[in-house]
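Reading through the structure tokens given below for one structure.
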Number of protein chains: 2
Amino acid sequence: MHAIRKPYLLFLGDVGSDIFAKTAHGLKDWCPEDCVAQWRLPDCAVDLGLEELAPEAALAAGARSLVIAVAPIGGALPPHWVPAILAAIEAGLDIVSGMHGTLAAVPAIAEAARRRGVRLHDVRQPPAGIPIATGRKRTGKRLLMVGTDCALGKKYTALAITREMKRQGIDASFRATGQTGILIAGSGVPIDAVVSDFVAGAAEILSPDAPQDHWDVIEGQGSLFHPAYAAVTLGLIHGSQPDAMILCHEPGRMRINGYPDFPAPSLVTAIRHFEECARLTNPAARVIGVSLNTARLSPEQRSDAIEAAMDETGLPAFDPVASPIGDFVRGFAGALDHAA
Amino acid sequence: MHAIRKPYLLFLGDVGSDIFAKTAHGLKDWCPEDCVAQWRLPDCAVDLGLEELAPEAALAAGARSLVIAVAPIGGALPPHWVPAILAAIEAGLDIVSGMHGTLAAVPAIAEAARRRGVRLHDVRQPPAGIPIATGRKRTGKRLLMVGTDCALGKKYTALAITREMKRQGIDASFRATGQTGILIAGSGVPIDAVVSDFVAGAAEILSPDAPQDHWDVIEGQGSLFHPAYAAVTLGLIHGSQPDAMILCHEPGRMRINGYPDFPAPSLVTAIRHFEECARLTNPAARVIGVSLNTARLSPEQRSDAIEAAMDETGLPAFDPVASPIGDFVRGFAGALDHAA
């Protein structure tokens with residue numbers, strides 16, 4: 001499993017717009033305490049409002065890793081960023097990247113890191129040595145995000161739930177399965193990059209044995225209703241052995257994104273299928289709530305959508321961006337504690 | 001997709017027992033017309049009864065590839081076999097291996113192959129460039145093997161069905177998803193070695209568009225009821241878009257092999273779940289028969305098991321090793337032709 005040293009110096013390069021800085025904003029939103037400073041090249045149009053520090057000064061201020069927190073066009077490291085990366089290595093910072101091209105594939109970076117003894121983390125690459133799943137039931141509790149489709153708020157929901165659980169004094173950990181989540185958590189496994197024989201095993205090591213009242217809140221990936229990515233989702237479900245799942249959905253999304261021949265399932269169909277599949281490795285698994293992404297709706301439409309989801313499923317429903325989730329978290333954590 | 005040049009010279013090394021020669025026997029059983037000769041080192045205890053030819057002579061007799069058709073202890077190429085491999089390369093044969101360690105990782109072999117211009121096929125390695133699944137419905141018909149568990153006869157069933165279809169003049173291709181199958185077919189994708197995001201895409205390229213009366217008979221992998229490997233199975237199902245499935249089962253196997261906490265499903269439960277999952281990409285998908293591995297049963301027990309499976313499921317049941325399957329093949333191929 002990736003284990004990244006925090007806190008971070010956020011490298012923003014010279015990108016021209018916030019469009020390329022989603023990762024940087026995600027880090028600042030979800031782990032501000034881990035973001036020591038930002039570092040930018042001339043003409044960078046993005047500003048997170050953090051202190052501006054070069055690597056040496058950031059290290060002195062506590063930083064341990066430089067995170068490439070922007071997505072360059074094309075996904076590969078622009079050659080004119082390499083001197084900055086080398087400078088960070090020379091200062092003694094680990095380097096962390098979520099780009100498609102790996103840091104280790106740039107000879108100057110690989111060589112400098114080896115010589116200086118710092119670590120390179122390509123968080124899209126799975127770690128070595130992932131085992132075959134054992135199916136053994138682990139201690140502690142697990143809440144997994146599932147969805148009617150990809151890209152509709154599973155990561156956001158998991159982060160918001162984890163934050164609220166901690167606020168209520170519940171012992172909880174966010175467990176990341178994708179690159180942005182891994183940067184936020186400082187650890188995790190990019191589950192969709194794992195060889196299929198090992199997906200369930202990767203999910204098992206992602207949420208190891210824990211105290212009985214501990215909750216792992218696991219970022220989901222893909223959907224059982226997606227014609228390309230359902231395998232990722234099923235392996236993640238089986239290895240996670242979730243006690244509880246939250247179904248994430250975007251009201252009004254009638255089709256799988258990019259796959260117009262594939263209708264999105266109804267909430268009830270999705271709940272039944274996720275529960276049936278999850279019960280292979282945890283017979284008690286159940287969906288306990290519905291998280292709606294209502295960003296495109298008016299306040300009235302939002303209320304109607306939440307009401308409709310509750311009526312359809314008989315479960316609590318909310319938009320974690322727009323609704324208070326304190327009562328929901330208090331309710332399920334208490335109920336499942338008693339059930340255990 | 002792997003595309004291996006046939007026919008083969010089967011290399012048997014100096015293994016001490018037929019236990020290590022399952023691949024060689026599988027090739028001789030299922031594609032005897034592709035096995036030109038065998039080649040053995042001194043003290044080899046295995047004999048396939050084929051003509052004994054060294055590489056030069058095998059090439060003259062038509063061979064195009066040397067297949068390492070035995071499994072050395074530990075799964076890695078024994079160093080004392082390397083000179084034989086190099087001799088085959090010098091003669092101009094491609095080299096094909098299903099071992100865990102790759103041929104390309106042995107510098108002398110990689111260098112000799114490059115210099116001589118022959119190809120190295122490590123059939124456990126997936127090919128490069130596998131696309132994300134599109135979900136697009138392809139032309140032609142597809143029959144996929146599924147199972148209540150791993151290792152209970154899916155490959156054997158697919159091969160036997162393909163052979164019988166061809167015997168009846170039906171246009172059919174065996175599509176291989178594992179290393180032995182790939183050697184038999186001369187092509188295929190080792191589906192369990194594919195990164196999970198691409199499993200369904202790999203299954204799509206494995207059975208491309210075909211004439212409307214053509215059948216791809218696809219070797220299955222894993223099981224939806226296996227706590228480690230279900231992801232592989234689901235991706236294979238979704239990408240295969242099967243019109244029909246055959247459920248493979250071993251009567252008396254009450255537990256998933258090696259996972260004593262996991263019961264094997266009933267035939268009816270398995271049929272319902274495979275059909276539900278397959279209908280995401282082919283709404284007409286259905287299980288049309290049950291293939292039983294009755295190798296450990298007496299003739300009386302075999303008849304009883306077949307009778308019981310038919311009673312339980314209402315479907316034809318057979319052991320492809322022990323039962324005639326001509327009527328079954330004639331029945332489903334005719335029925336599904338009319339339905340199309």
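The values are calculated or read from the model by the stated rules, or taken from the named source; none is laboratory data. These figures come from a predicted structure and were not determined experimentally. Methodologically, a virtual Cβ is constructed for each residue, glycine included, from the backbone with ideal geometry; neighbour enumeration extends over all protein chains shown.
Where residues in region B:156-206 are in contact with a Gly (Cβ under 8 Å, 6 or more places away or on another chain), among the charged types (D, E, K, R) and buried (at least 23 other Cβ atoms within 10 Å of the Cβ), which of them is nearest to B:ALA24 (Cα to Cα)? This residue is B:ARG175. Taking the criterion of being closer than 28 Å to A:THR162 by Cα, buried (at least 21 other Cβ atoms within 10 Å of the Cβ) and not assigned by TED's automatic domain parsing to the domain that holds A:SER173, would at least one residue in region A:97-108 satisfy it? Looking through region A:97-108, at least one residue is closer than 28 Å to A:THR162 by Cα, buried (at least 21 other Cβ atoms within 10 Å of the Cβ) and not assigned by TED's automatic domain parsing to the domain that holds A:SER173. When restricted to residues that are aliphatic (A, V, I, L, M), farther than 19 Å from B:LEU143 by Cα and not in a strand (DSSP E or B), region B:232-267 contains 2.
For region A:131-166, the candidate set comprises residues that are in a helix (DSSP H, G or I) and in contact with a Cys (Cβ under 6 Å, 6 or more places away or on another chain); within that set, the residue that is farthest from A:ASP197 (Cα to Cα) is A:THR157. Residue-level analysis places B:SER298 outside the set of residues that are crowded, with 21+ Cβ neighbours inside 10 Å, more than 19 Å from A:SER196 (Cα to Cα), modelled with pLDDT of 95 or more and more than 14 Å from chain A (Cβ to nearest Cβ). Being in contact with a Gly (Cβ under 7 Å, 6 or more places away or on another chain) and surrounded by fewer than 24 Cβ atoms within 10 Å (Cβ to Cβ) is the requirement here; does A:ASP122 meet it? Judged against the criteria, A:ASP122 is not a match.
The residue list B:GLY289, B:GLY331, B:GLY326 contains one member that is assigned by TED's automatic domain parsing to the domain that holds B:GLY222, surrounded by fewer than 18 Cβ atoms within 10 Å (Cβ to Cβ) and touching a residue at least 40 places away in the same chain (Cβ under 8 Å), which is B:GLY326.
Comparison of B:THR177, B:THR162, B:THR134 shows that the only residue that is in the same structural domain as B:HIS238 (by TED's automatic domain parsing) and within 30 Å of A:PHE225 (Cβ to Cβ) is B:THR177. Among the residues of region A:209-231, the ones that are at the interface with chain B (Cβ under 10 Å from one of its Cβ atoms), part of a loop (DSSP other than H, G, I, E, B) and of a type outside the set (S, T, N, Q) come to 7 in all.
Restrict the check to region A:187-208 and report whether at least one residue is out of contact with any Pro (no Cβ under 9 Å at 6 or more places or on another chain), on the phi > 0 side of the Ramachandran plot, away from every other protein chain (no Cβ under 14 Å) and touching a residue at least 24 places away in the same chain (Cβ under 8 Å). Yes, region A:187-208 has at least one match. Please verify whether region A:301-321 includes one or more residues that are away from chain B (no Cβ under 14 Å), out of contact with any Asp or Glu (no Cβ under 8 Å at 6 or more places or on another chain), within 16 Å of A:CYS150 (Cα to Cα) and not in a helix (DSSP H, G or I). Within region A:301-321, not a single residue is away from chain B (no Cβ under 14 Å), out of contact with any Asp or Glu (no Cβ under 8 Å at 6 or more places or on another chain), within 16 Å of A:CYS150 (Cα to Cα) and not in a helix (DSSP H, G or I). Among what's in region A:1-57 and is of a type in the set (Ser, Thr, Tyr) and over 19 Å from A:ALA158 (Cα atoms), pick the residue that is surrounded by the most Cβ atoms within 10 Å (Cβ to Cβ). Among them, the one singled out is A:TYR8.
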